[in-house]
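The values are calculated or read from the model by the stated rules, or taken from the named source; none is laboratory data. Worth saying up front: this structure is predicted, and the values here are computed from it rather than measured. All Cβ positions, even for glycine, are placed from backbone atoms using ideal geometry, and neighbour counts span all protein chains on display.
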Amino acid sequence: MAVFKKLKLLLWKNFILKKRRILMTVLEILMPLLFSAVVLYLRFNSVPRKRAATNYSAIDVSSLPDFFHQFPVKNKFQLVYIPSKSETLKALTEMVEDTFDVEFEVLGFSSVPVFESYIINDPKAFYILVGIVFDHNFNDSREPLPLGVKYNLHFSYIQRNFASMKHTSLQENSEGWCTSFLYPPNLSYEPREFAFTDGGIPGEEIQKVELP
């Protein structure tokens, strides 16, 4: 009972204070109602703006990017296949090379460690475009590929359009694949680079992944 008496006394004191300050009491009651009324008015009288959908043109992945033609190199770019024991893989890689209008050098390595040793020790490894590693043990050089073959693509750490990106990118260090920029730090409801049909920085359509 003592608790209820104290609560009753506290409410009575609060009521006396509110009664002595009538203007403040009225404002405390009216201000939330006024703000709520303003929000409801703006909500029901605002006209939503409908924006038309953005249609991007199709990206042609059948040809190599422009920087393959704009920046001359000392050596041919290289297509690597592993393992080199298979003549089928060699013919398949040469077919890939023939689909492009740029001449490549087709190289074969017996295993991944040998390929990695070439990358580390040979300066010409800079021109490797991609290494195609087939996950299959070939018993004979003429053995055909199975229908369910698995393969991995080993790309270079250096982006081939790095020279052109240095002049167009706002990033201080655009070398590498810039995987830290795959997701923007500040998300929005619109495309990150809506003015570019190829996705803009940092991907530029992920360098148009150079294989068909």
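How many residues are of a type in the set (Lys, Arg) and assigned to a helix (DSSP H, G or I) when one looks only at the stretch 116-154?
1
Selection over the stretch 118-130 of residues that are under 17 Å from residue 91 (Cα atoms) and touching a helix residue (DSSP H, G or I) at 6+ places or on another chain (Cβ under 6 Å) gives a count of 0. All conditions in (1) part of a loop (DSSP other than H, G, I, E, B); (2) surrounded by 14 or more Cβ atoms within 10 Å (Cβ to Cβ) hold for residue 105, with the sole exception of (1). Does at least one position in the stretch 32-48 carry a residue that is modelled with pLDDT under 80, aromatic (Phe, Trp, Tyr) and more than 30 Å from residue 190 (Cβ to Cβ)? No, the stretch 32-48 contains no residue that is modelled with pLDDT under 80, aromatic (Phe, Trp, Tyr) and more than 30 Å from residue 190 (Cβ to Cβ). Inside the stretch 49-77, can you point out the residues that are at pLDDT below 75 and closer than 18 Å to residue 99 by Cβ? Within the stretch 49-77, 59, 60, 61, 62, 63, 64, 65, 66, 68, 69 meet the criteria.
Looking at 117, 156, just one residue is surrounded by 14 or more Cβ atoms within 10 Å (Cβ to Cβ) and either at pLDDT 80 or above or of a type in the set (Gly, Ala, Ser) (or both), and that residue is 156. Taking the conditions exactly as written (modelled with pLDDT of 75 or more and not acidic (Asp, Glu)), does residue 110 satisfy them or not? So residue 110 fits the description; yes. So is residue 99 farther than 22 Å from residue 157 by Cα and in contact (Cβ under 8 Å) with a residue 60 or more places away in the chain or not? For residue 99, the condition - farther than 22 Å from residue 157 by Cα and in contact (Cβ under 8 Å) with a residue 60 or more places away in the chain - is met. Taking each residue of the stretch 107-125 that is in contact (Cβ under 8 Å) with a residue 24 or more places away in the chain and on the phi < 0 side of the Ramachandran plot and looking for partners that are of a type in the set (Lys, Arg) and not in a loop (DSSP other than H, G, I, E, B) with beta-carbon atoms closer than 7 Å, six or more apart or interchain, yields 108/90. When residue 134 is tested against (1) loosely packed, with under 11 Cβ neighbours inside 10 Å; (2) closer than 12 Å to residue 80 by Cβ, exactly one condition is not met: (1).
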